[in-house]
Amino acid sequence: MSRSGAEVIRQIRSQVEEIDPAQVSEHLGNGIVLVDVRDSNEWDAGHIPGAKHVPRGYLESRIEGIAGADRSQEIVLYCASGQRSALAAHTLKELLGYENVKSMTGGITLWKDRGYKVELPKTLTAEQRERYSRHLLIPEIGIEGQTKLLESKVLLLGAGGLGSPTALYLAAAGVGTLGVVDDDDVDLSNLQRQVIHTTDRIGVPKVDSAEQAITAINPDVDVVKYKTRLDASNIMEIIDGYDVIVDGVDNFPTRYLLNDATVRLDIPVVSASILGFDGQLSVFKPHEGPCYRCLYPVPPPAELAPSCGANGVLGVLPGTMGLLQATEVVKLVTGAGEPLIGRLLLYEALGATFTELKVRRDPECPVCSRDPSEIADEEMGVFPDYEAFCAAAG
Ligand SMILES: [Zn+2]
């Protein structure tokens, strides 16, 4: 004899462990993954702060991306009343093998009745809804991710080969504030790869040329211009307050200086470099992964330093690497996916190969192994005299 739906639900609910909103509230932020399994329109109307959104229909395909592959991870699911979350918990346990899954009693309705906090919907204008509609359609971004992008502040070091594509796409994606640091003017030899600039802007400061291109794409973006070179005297003032820094600088002393300053201020850096047909990419998130000094404790030999003079580069290569940087920025800002932390991605264009290397934190690292407040100003960016360094290259 077949059982009624209500009976099946009752039976499943009796097998699923339930957790009271009071306990969820108490343990939130202590390593539990809280997942809202309702539909997108319900989530958008208000949800529990800190929760992740995986609509029940996407549970099997998306839960690992949110909760990780570790089957002992503690997961709490909630819905409107506690019924859909109990069924979803059953699925996670029985089909996917998560051992520590609970369903929140009474759902968000009881949570609200008990007076716990709810994150209310962010709103976009009608024009923004249309402009970003393709973002709103992917659950990993959605209205929440788009709002984060619009509220984010991203600093681009250099409006050159890497900075150009990064700036164009981040502007299009709706990053609310784009800072641009560059002290150069547009030169004819830049145009082979620095696609944010144009032939009729040769001679114009790159920060002004970049601003023109960015505002033409998206008036939502505020451009903050720094027509200067980053050095020890201005770095803290310039980078403070940014959420992510995109490193497209072409010299090692600035990279070390940037590393030390960002570790101290706890700002993630999306770093790329290019030479010839080869590109490298990594994300340095202070104290979560290695820093630049963990990866390169000493600078490479001077004769290999690309910044000691003009070097050849395939014009499209900075496009490839710059867009990988832009992708990492969007991930860091929205929280989607797995950023390239502790991993170094190598791209070799001639052979069309990508290689990934694991990079570990150095427990003896002179910078990131210490408490940020211990790093003194005079210790930042310690590096051999650069002219002497380049002269040694012959
Ligand atoms: Zn380090």
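Odds and ends about this structure:
- The set of residues in the range 150-172 that are open to solvent by less than 10 Å² (accessible area, probe 1.4 Å) and in contact with a Phe, Trp or Tyr (Cβ under 8 Å, 6 or more places away or on another chain) comprises V154, L155.
- Taking the criterion of being in a loop (DSSP other than H, G, I, E, B) and open to solvent by 60 Å² or more (accessible area, probe 1.4 Å), the only residue of the range 198-215 that qualifies is I202.
- Residues that are open to solvent by 20 Å² or more (accessible area, probe 1.4 Å) and in a strand (DSSP E or B) within the range 224-262 comprise V224, K225, Y226, listed in sequence order.
- Any hit, the range 328-340, residues being more than 24 Å from the chain's Cα centre (by Cα), at pLDDT 95 or above and not aliphatic (A, V, I, L, M): no
- Residue in the range 277-297 that is crowded, with 18+ Cβ neighbours inside 10 Å, more than 16 Å from the ligand (Cβ to nearest atom) and modelled with pLDDT of 90 or more present: yes
- Among the candidates V8, V24, the residue that is part of a helix (DSSP H, G or I) and more than 29 Å from L136 (Cβ to Cβ) is uniquely V8.
- Here L265 meets each of (1) over 22 Å from T166 (Cα atoms); (2) open to solvent by 40 Å² or more (accessible area, probe 1.4 Å); (3) at pLDDT 95 or above with one exception, condition (3).
- Filtering L350, L345 for residues that are more than 16 Å from the ligand (Cβ to nearest atom), modelled with pLDDT of 95 or more and part of a loop (DSSP other than H, G, I, E, B) leaves a single hit, L350.
- Tallying residues that are among the charged types (D, E, K, R) and touching a strand residue (DSSP E or B) at 6+ places or on another chain (Cβ under 8 Å) within the range 184-209 yields 5.
Residues are listed down the side, and each one gets a yes or a no for (1) under 26 Å from the mean Cα position of the chain (by Cα); (2) buried (at least 22 other Cβ atoms within 10 Å of the Cβ):
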site: D182; (1), (2): yes, yes
site: D185; (1), (2): no, no
site: L188; (1), (2): no, no
site: I196; (1), (2): yes, yes
site: I217; (1), (2): yes, no
site: D222; (1), (2): yes, no
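- If the condition is being surrounded by 18 or more Cβ atoms within 10 Å (Cβ to Cβ) and small (G, A, S), then the range 16-75 contributes A51, A67.
- Taken as a whole, the structure places D250 among residues that are among the acidic types (D, E) and either at pLDDT below 95 or on the phi > 0 side of the Ramachandran plot (or both).
- Matching residues, the range 82-123, being assigned to a loop (DSSP other than H, G, I, E, B) and touching a Ser or Thr at 6+ places or on another chain (Cβ under 7 Å): G82, E99, N100, G106, Y116, K122
- Hey, S273 more than 16 Å from the ligand (Cβ to nearest atom), among the small types (G, A, S) and not in a loop (DSSP other than H, G, I, E, B) or not: yes
- If you check G31, G65 for being part of a helix (DSSP H, G or I), touching a residue at least 40 places away in the same chain (Cβ under 8 Å) and over 15 Å from G107 (Cα atoms), only one passes: G65.
The values are calculated or read from the model by the stated rules, or taken from the named source; none is laboratory data. Quick caveat: nothing in here was measured; it's all calculated off a predicted structure. Quick reminder, even Gly has a Cβ in these numbers, built from the backbone with ideal geometry, and neighbours come from all protein chains shown. The accessibility values were calculated without ligands, DNA or RNA, using every heavy atom of the protein model including side chains. Shrake-Rupley method; radii C 1.70, N 1.55, O 1.52, S 1.80 Å.
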